[in-house]
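Reading through the structure tokens given below for one structure.
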Amino acid sequence: MTLIILPGIGGSGEAHWQTIWQSEGSQWVRFQPTSWNHPELDDWAQALDEAIRQTDEPAILIAHSLACLLVAHWAARSQLARRVAGAFLVAVPDPDGLRFPLAEAGTFADPPSVPLPFPTLILASSNDPYASFEHAERRAFDWKAGIIDVGALGHVNSASGLGAWLEGRRLLTAFRSGAHRSNG
């Protein structure tokens with residue numbers, strides 16, 4: 001399986017767990033939108049399509065923050081969603097929340113509230129400044145996703161000081177195992 005890293009705004013810098021995980025080997029691919037700092041939904045969706053097209057095996061999407069909303073929008077409109085074995089969504093932001101960067105990322109607001117067409121797991125922090133845990137629970141219900149409370153880890157990003165985030169890796173390994181079984 002190919003593991004596709006989907007960072008949020010800013011592209012997950014060197015100290016972010018996504019970047020650290022990606023450095024572990026060739027099975028990891030990072031999607032490449034035109035701009036990490038000026039996100040546009042259509043551009044990001046095209047970049048995800050391109051990342052999926054470049055692999056000939058099922059993909060696991062590993063999304064952080066804004067990219068979680070991308071996954072929901074993209075899955076509702078892309079024929080390539082059938083090539084996804086699962087989505088591992090970390091720190092799903094609330095587009096109606098006070099801290100959501102609406103000026104920069106308004107095109108990502110109003111994600112579909114329909115089940116995602118592949119196994120999905122949401123990891124949510126109990127003190128995420130960009131979304132309440134209750135918001136994550138609503139998204140899990142809407143998207144028919146599992147949900148795990150990872151504790152008080154803020155926005156589960158570099159500022160959280162997670163480094164390689166070993167607990168997250170353990171959860172991804174377990175999720176991959178289950179997604180692989182459900183997709184043949």
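The values are calculated or read from the model by the stated rules, or taken from the named source; none is laboratory data. All figures in this text were calculated on a predicted structure; none of them were measured in a lab. When we count neighbours, we look across all protein chains shown, and the Cβ atoms used for this are built from the backbone with ideal geometry, even at glycine. Side chains are part of the model used for accessible areas, which takes the heavy atoms of the whole protein and leaves out ligands, DNA and RNA. Shrake-Rupley method; radii C 1.70, N 1.55, O 1.52, S 1.80 Å.
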TODO: Go through (1) modelled with pLDDT under 95; (2) open to solvent by 50 Å² or more (accessible area, probe 1.4 Å) and name the single condition His38 misses.
DONE: (1)
Open item on the list: Could you check region 41-62 and list, in sequence order, the residues that are outside any helix (DSSP H, G or I) and open to solvent by less than 10 Å² (accessible area, probe 1.4 Å)?
Closed with: Ala59, Ile60, Leu61, Ile62
TODO: Kindly check whether there is at least one residue in region 113-125 that is more than 25 Å from Ser177 (Cβ to Cβ) and either open to solvent by less than 40 Å² (accessible area, probe 1.4 Å) or without any contact (Cβ under 8 Å) to a residue 24 or more places away in the chain (or both).
DONE: no
TODO: May I ask you to verify whether Ala67 is within 26 Å of Ser125 (Cα to Cα), among the aliphatic types (A, V, I, L, M) and more than 16 Å from the chain's Cα centre (by Cα)?
DONE: no
Open item on the list: Which condition from (1) within 20 Å of Gly161 (Cα to Cα); (2) acidic (Asp, Glu); (3) open to solvent by less than 50 Å² (accessible area, probe 1.4 Å) is the one that Glu14 breaks?
Closed with: (3)
TODO: Please enumerate the residues belonging to region 19-65 that are of a type in the set (Asp, Glu) and farther than 20 Å from Phe175 by Cα.
DONE: Glu40, Asp42, Asp43, Asp49, Glu50, Asp56
TODO: Enumerate the pairs (first residue in region 74-95 and under 18 Å from Asp43 (Cβ atoms); second residue anywhere and in a strand (DSSP E or B)) with beta-carbon separation below 8 Å, excluding pairs fewer than 6 apart on the same chain, so at least 6 apart or on different chains.
DONE: Ala75/Val84; Ala75/Ala87
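Please determine, by comparing only the residues of region 17-31 that are within 27 Å of Leu153 (Cβ to Cβ) and open to solvent by 90 Å² or more (accessible area, probe 1.4 Å), which one is modelled with the lowest pLDDT.
Glu24
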TODO: Give, as residue ranges, the strands (runs of 3 or more DSSP E) completely inside region 75-184 that count at least 2 residues that are under 22 Å from Trp36 (Cβ atoms).
DONE: 84-90
- [ ] Answer yes or no: is there a residue in region 103-110 that is open to solvent by 10 Å² or more (accessible area, probe 1.4 Å), closer than 21 Å to Phe133 by Cα and in contact with a Pro (Cβ under 6 Å, 6 or more places away or on another chain).
- [x] yes
Open item on the list: So, Asp149, is that one closer than 21 Å to His16 by Cα and either open to solvent by 70 Å² or more (accessible area, probe 1.4 Å) or modelled with pLDDT under 95 (or both) or not?
Closed with: yes
